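Enquirer: This is the structure, below, for whatever I ask next.
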Amino acid sequence: MPELPEVEQARRVLEHALDRRIVAVDDTDEWVCRPHPPGEIASVLVGGALTAAHRRGKTMWCDTRDPHGDEGPTLGVHLGMGGRIVVTDAEHDQAPRKPEWNRFTVRFDDGGELRLFDKRRLGRVRLDPDVDALGPDAEDITAAELRTRLGRSHAPLKARLLDQKVLSGVGNLLADETLWQARLSPSRPSDELDRTEVNRLHRNLERALQAAIANGGVHTGRIIEHRHPGATCPRCGAPMVHGTVGGRSTWWCEKEQR
């Protein structure tokens, strides 16, 4: 599942589709576009334009303008497990092969297109997505707010970080990377962290996010390649330990993350 850094990269790609007049929309994939029947999304987009691209956690959406210049509905886009956002122009169409994997397409009057390219068909496009249930974005949350949200539960720290209602955007790999960077046990009860530990967690979450966005995704984290049997901690050389925390496969340093 793409995590915040991958979705932020996709949001930046979406920005290349802004302020271009929409002349056609292929919304015929009833699974990807559910609950909208074919033609419903097209009916409100054609003649208008996308005007801004937003993200909270792993969820993206675009503001729209209708053909009369008035504010239109928001267009929600979710990548699913492996979807990609592709934006082209008429002269430089570097879209992937397999056009049957283009699950949703917006065509612009300049000849370019916006496509949701999704081999596994697990992405989602819908109008006016509800994002109110999501917690604050992991890139924006303050240390004080993180401390408050962690302190509301005795659940394992990693499970709390993965709860999108608590903190939006952290997935399994980013959680392991952040906890390793912060030298905190993933199974530690989240309400038992003191102020210093929460501040350290917040600081390392910021660092992990910034590095992942800059380097191409969460798979580039320092601990990720050491999440396998027989691996050792790249910082202290102790064995890496595997277990399940919060229902998710988890790796941590035996010595530094007790």
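Read-outs throughout are calculated quantities, based only on the coordinates presented, and are distinct from any laboratory measurement. Since we're looking at a predicted model, the values are computed, not measured. Methodologically, a virtual Cβ is constructed for each residue, glycine included, from the backbone with ideal geometry; neighbour enumeration extends over all protein chains shown.
Enquirer: Quick check: Cα centre of segment 216-258 to Cα centre of segment 56-126, how many Å?
Expert: 35 Å
Enquirer: Further, regarding this structure: Output wanted: per-residue J couplings in Hz (rounded whole) for segment 79-84, from phi through Karplus 6.51 cos²θ - 1.76 cosθ + 1.60, θ = phi - 60°, x for Gly and Pro.
Expert: Residue by residue, segment 79-84 yields 6, x, 7, x, x, 9 Hz.
Enquirer: Something else now. Among S185, S249, S190, what is the fewest-to-most ranking by other Cβ atoms within 10 Å?
Expert: S249, S185, S190
Enquirer: Apply 1/(1 + (r/R0)^6) to the Cβ-Cβ distance of L18 and R121, taking R0 = 22 Å, and write down the FRET efficiency to the nearest 0.05.
Expert: Efficiency, rounded to the nearest 0.05: 0.25.
Enquirer: Let me ask you something else. Over segment 143-253, what is the relative contact order in whole percent, taking alpha-carbon pairs under 8 Å and six or more residues apart?
Expert: Here the relative contact order equals 27 percent.
Enquirer: For the chain, what is the calculated [θ] at 222 nm in deg cm²/dmol (nearest 500), taking -39500 (n - 2.57) for each run of four or more DSSP H residues and dividing by its residue count?
Expert: Rounded to the nearest 500, it is -7500 deg cm²/dmol.
Enquirer: Give the share of C-alpha pairs in each 5 angstrom bin for segment 4-127, from 0 to the last occupied bin, in whole percents, shortest bins first.
Expert: With a bin width of 5 Å, the distribution comes to 2, 12, 23, 27, 23, 11, 2, 0.
Enquirer: Return the ratio Rg/(2.2 N^0.38 Å) for the chain, where Rg is computed over Cα atoms only.
Expert: Taking N as the residue count of the chain, the ratio is 1.13.
Enquirer: Among M60, M1, rank each residue by its count of other Cβ atoms within 10 Å, from fewest to most, as a rough exposure measure.
Expert: With the sparsest Cβ surroundings first, the list reads M1, M60.
Enquirer: At 1.306 mPa s and 10 °C, plugging the Kirkwood radius over alpha-carbon pairs of segment 143-253 into Stokes-Einstein gives what diffusion coefficient in µm²/s?
Expert: 114 µm²/s
Enquirer: Using the Cα centre of the chain as the reference point, and only Cβ charges (+1 on K/R, -1 on D/E), how large is the resulting charge dipole? Debye, rounded to the nearest 20.
Expert: Result for the chain is approximately 1340 debye, rounded to the nearest 20.
Enquirer: Taking other Cβ within 10 Å of each residue's Cβ, how do E139, E100, E113 sort, fewest first?
Expert: Least crowded to most crowded, the residues run E100, E139, E113.
Enquirer: Enumerate lysine pairs in the chain that are 8 or more residues apart or on different chains, then count those whose Cα atoms are under 20 Å apart.
Expert: Count of close lysine pairs: 5.
Enquirer: Using the Cα centre as the reference, give the magnitude of the dipole from point charges on the C-beta atoms of segment 178-250 (Lys, Arg: +1; Asp, Glu: -1; all else neutral), rounded to the nearest 20 debye.
Expert: Magnitude of the dipole: close to 160 debye.
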